[in-house]
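The values are calculated or read from the model by the stated rules, or taken from the named source; none is laboratory data. No experiment lies behind these values; they were computed from the predicted model shown. Reconstructed Cβ throughout: ideal geometry from the backbone, glycine too, with neighbour counts over all protein chains shown.
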Amino acid sequence: MEFNGVFRLPCTGIDPEDHLQLISQGNMSETYNVPVVNIDDEGALLRTPSGFIGGMFQLLYHKDNGSAIDLGITFVDVVDASEVQQVPGNTVYGRVIDASGKPIPGVSVSDGVFVTTTDENGCYYLASLKKYGYVFISVPGGYRVAVDRTIPQFFRRLEAPSSTYEQCCFILAAESNERHRILVYTDTHLANRTNDINQFKQGFKADLKAEITRARAEGVALYAMALGDLSWDEWWYVNRFQPSDYVSQMSDLDLPVYNIPGNHDNDPYVADDFESTVPWRDEVGPTYYSFNIGDIHYVQMDNTLFVNSGGAQGTVGALNYTEGFTDDQLRWLAADLKNVPAGTTLFLGMHIQYTNRYKVENGDLTWSYAMPAEYRSRLAELLAPYKVHLVTGHTHINYTNFIDDGLMEHNIAAVCATWWWTGYYTDGRCQMCRDGSPGGYKVFDIGEGAPDNVSWRYQPIGRSADYQFRCYDLNETHITRETYCPRIANNFSTVSAEFFSQYANGYDRARSDNAVLINVFDWNERWSLKVVEVETNKELYVTQLDTYDPLHTVHFNMNRMNTNSTAMTFPTLLTSHMFEVFCSSATSTLEITVTDEFGRSYVETMKRPRSFYDMTLSSQW
């Protein structure tokens, strides 16, 4: 549709009193009636509603006799066709306006290489070679763009040759978003196997619908960031499961999602980093960009550098990658941040982690860097003026590292948990990551009390927000082949006793020392843990450990072995958000209180003995 203009609907049997009704897919109270203004041999001319910027809408064509024809749900693209004067040498140009047609100055615009800003007339000019095939804006705070199947349309695709002048304009609607909420998730790994599509729909997607309903009831603007690995490289090409299928799965949600690729989202058969991202750019959009919500500046970057050796499609490609950034990205980021005032709170999303998980070593917590020093030093230099939250994925575990006073990393566990296997093995009862965290995502609340206030919590999929830890009675936590791997408990199994013991993680040895193990999923050094033995009213001494989660050991390691397989591809990992206490008896009751950095307390009364076997069956866990 032409902005504040007329558009043609090809059809026959039109009457002057007919009209087209547009009903927002996400909010049915947002409706527009579009009148017929003229009829000719090619169809009807209708007038675009004033101030309409487009989005996902159901189209109902109403006849003057009272009948209506449902034309379905589609993305309505509203195009600003106003002519912007060309400037010689600037091959990409246009303007940015609001829904009333007023120009918006100072908006950052980029082709992925160069960055400029709009002038007082909302116009911009770029001497672009059109390398990436699009131009994008950094949506300013207080505005929103139209959304196509959850993908915000902050970019326009370029279609003409690099030497041809091309106009691309953007229309924004005002939105009160200083106070907002953003859901950050990663590693959906959809491949249409292991029942993952159904698990995705019944779990994560149901959660997103609930989050949308909650935000709407609270009057809070809601957004999401997806940190990559939406699918699997092999399944994209061998099984023809394309990234557009992820978009299709999300398409009925009223939620703007800002996506970036991960190491499994590129073409593994192309021996070139730039060319390997072609499927992503074609199906999803830019691989790096920025946007603003309220007073917060958000940046999404692709930190996977592909060094694939290539290969024939239809076979597994030689997937190989390192962590880092292209020169284009780093130059773009430097230019983008020049338009961001020092002291601004900034979120930087990447797929691969910046630091590795913290560990308990000789009673102290330590961590190391994951990103190579050459990229880390440049990134640290660019981010130094800001208060930065790094949000990352890739590891399928939870941890938070405080790098310095102005820089912290939230490494967020996966939506797919252990690549959907724990849900597959338990018939959907349990989705558990390799550190024992339930599959989930992180919820950031922004602007409560002050524009740059930031709080957060980890949200387990399908569970209460209060579900932040799990307790094990180690007297009862005994993993045997007969109980947990009955199919390999005979002499014909290919799984040896040594292999079983290796992946039982020490839980094949019975204990009777009255120890209790507590896994605090999103613990960091600013949290506290208090354990009181009810019968003695005694506070127990808590020791932080680097150890394995027993329940993940069962849900993945033992279940994988029970198929008589030694392909232990995603075994339980050591984690340090584990805590141990020793009780005075095997039957004492514990009052366990975990308090996060925002003063929110999560409390459980643990009655003992607690059967471990029951935990493997109960949907509670």
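Take the residues in segment 134-191 that are of a type in the set (F, W, Y) and part of a loop (DSSP other than H, G, I, E, B); name whichever of them is nearest to Y458 (Cα to Cα). Explain how you work it out, then say what you get.
As a first pass, look at segment 134-191 and keep what is of a type in the set (F, W, Y): 134, 136, 143, 154-155, 165, 170, 185.
Now restrict to residues that are part of a loop (DSSP other than H, G, I, E, B): 154, 165.
Working: F154: 28, Y165: 47 Å.
Once the filter is applied, the top-ranked residue is F154.
Going by what's in this entry, would Y93 be described as outside any loop (DSSP other than H, G, I, E, B) and in contact (Cβ under 8 Å) with a residue 40 or more places away in the chain? Before you say what the answer is, go through the steps one by one.
Working: outside any loop (DSSP other than H, G, I, E, B): yes; in contact (Cβ under 8 Å) with a residue 40 or more places away in the chain: yes.
Answer is yes for this residue.
With the structure loaded, tell me whether D273 is surrounded by 20 or more Cβ atoms within 10 Å (Cβ to Cβ), of a type in the set (D, E) and modelled with pLDDT of 85 or more or whether it fails that test.
On the way: surrounded by 20 or more Cβ atoms within 10 Å (Cβ to Cβ): no; of a type in the set (D, E): yes; modelled with pLDDT of 85 or more: yes.
For D273, the condition - surrounded by 20 or more Cβ atoms within 10 Å (Cβ to Cβ), of a type in the set (D, E) and modelled with pLDDT of 85 or more - is not met.
Would you point out the residue of segment 34-66, among those that are part of a strand (DSSP E or B) and among the β-branched types (V, I, T), that is surrounded by the most Cβ atoms within 10 Å (Cβ to Cβ)? Please lay out each step first, then the result.
Here is the first cut: in segment 34-66, the residues part of a strand (DSSP E or B) are 34-40, 43-47, 54-62.
Next, only the ones that are among the β-branched types (V, I, T) stay: 34, 36-37, 39.
Working: V34: 23, V36: 20, V37: 11, I39: 15.
Here the answer is V34.
Based on this model, can you work out whether Y441 counts as at pLDDT 95 or above, of a type in the set (S, T, Y), outside the structural domain of S576 (by TED's automatic domain parsing) and more than 20 Å from the chain's Cα centre (by Cα)?
Numbers: at pLDDT 95 or above: yes; of a type in the set (S, T, Y): yes; outside the structural domain of S576 (by TED's automatic domain parsing): yes; more than 20 Å from the chain's Cα centre (by Cα): no.
The answer is no for Y441.
From the set of residues in segment 170-211 that are hydroxyl-bearing (S, T, Y) and buried (at least 20 other Cβ atoms within 10 Å of the Cβ), which is farthest from N121 (Cα to Cα)? Before you say what the answer is, go through the steps one by one.
We begin by selecting, within segment 170-211, every residue hydroxyl-bearing (S, T, Y); these are 176, 185-186, 188, 194.
With buried (at least 20 other Cβ atoms within 10 Å of the Cβ) added as a condition, the list becomes 185-186, 188.
On the way: Y185: 38, T186: 39, T188: 42 Å.
So, considering only residues that are hydroxyl-bearing (S, T, Y) and buried (at least 20 other Cβ atoms within 10 Å of the Cβ), the one farthest from N121 (Cα to Cα) is T188.
Residue under question is L379, and the condition is that it be under 25 Å from K442 (Cβ atoms), outside the structural domain of G262 (by TED's automatic domain parsing) and either at pLDDT below 95 or buried (at least 19 other Cβ atoms within 10 Å of the Cβ) (or both); does it hold? Show your work before the answer.
Values: under 25 Å from K442 (Cβ atoms): yes; outside the structural domain of G262 (by TED's automatic domain parsing): yes; either at pLDDT below 95 or buried (at least 19 other Cβ atoms within 10 Å of the Cβ) (or both): yes.
Yes: the conditions hold for L379.
Of all residues in segment 67-96, which are surrounded by 10 or more Cβ atoms within 10 Å (Cβ to Cβ) and under 18 Å from V147 (Cβ atoms)?
Correct list: I73, T74, F75, V76, D77, V78, V79, D80, V96.
Mind listing whichever residues of segment 377-402 are assigned to a strand (DSSP E or B) and over 13 Å from Q353 (Cα atoms)?
Filtering segment 377-402 for residues assigned to a strand (DSSP E or B) gives 387-392, 399-402.
Listed by number, the residues that qualify are K387, V388, F402.
List the residue pairs whose Cβ atoms are under 8 Å apart, where the first residue sits in segment 102-118 and is in the same structural domain as S128 (by TED's automatic domain parsing) and free of Cβ contacts under 8 Å to residues at least 60 places away in the same chain, the second is surrounded by 20 or more Cβ atoms within 10 Å (Cβ to Cβ) and basic (K, R), and the two are 6 or more positions apart or on different chains.
Taking only residues 6 or more apart or on different chains, the pairs are P103/R95; D111/K130; T118/R95.
Please indicate, with yes or no, whether at least one residue in segment 115-129 is surrounded by fewer than 18 Cβ atoms within 10 Å (Cβ to Cβ), closer than 30 Å to A414 by Cα and modelled with pLDDT of 95 or more. Break it down stepwise before answering.
The first filter runs over segment 115-129 and keeps only residues surrounded by fewer than 18 Cβ atoms within 10 Å (Cβ to Cβ), leaving 117, 119-121, 127, 129.
In the following step, the residues that additionally are closer than 30 Å to A414 by Cα were identified as none.
Checking segment 115-129: not a single residue is surrounded by fewer than 18 Cβ atoms within 10 Å (Cβ to Cβ), closer than 30 Å to A414 by Cα and modelled with pLDDT of 95 or more.
So how many residues does segment 362-376 have that are surrounded by 14 or more Cβ atoms within 10 Å (Cβ to Cβ) and either free of Cβ contacts under 8 Å to residues at least 40 places away in the same chain or at positive phi (or both)?
So the answer is 2.
Kindly evaluate R214 against the criterion of being within 25 Å of P451 (Cα to Cα), exposed (fewer than 14 other Cβ atoms within 10 Å of the Cβ) and within 19 Å of the chain's Cα centre (by Cα). I'd like the intermediate steps shown before the answer.
Working: within 25 Å of P451 (Cα to Cα): yes; exposed (fewer than 14 other Cβ atoms within 10 Å of the Cβ): yes; within 19 Å of the chain's Cα centre (by Cα): yes.
Yes; evaluated as a whole, the condition is true for this residue.
Keeping to segment 156-190, report how many residues are within 17 Å of the chain's Cα centre (by Cα) and at negative phi. Write out each step before concluding.
Start the filter on segment 156-190 by keeping residues that are within 17 Å of the chain's Cα centre (by Cα), which leaves 180-190.
Narrowing the set further to residues that are at negative phi leaves 180-186, 188, 190.
Number of matching residues: 9.
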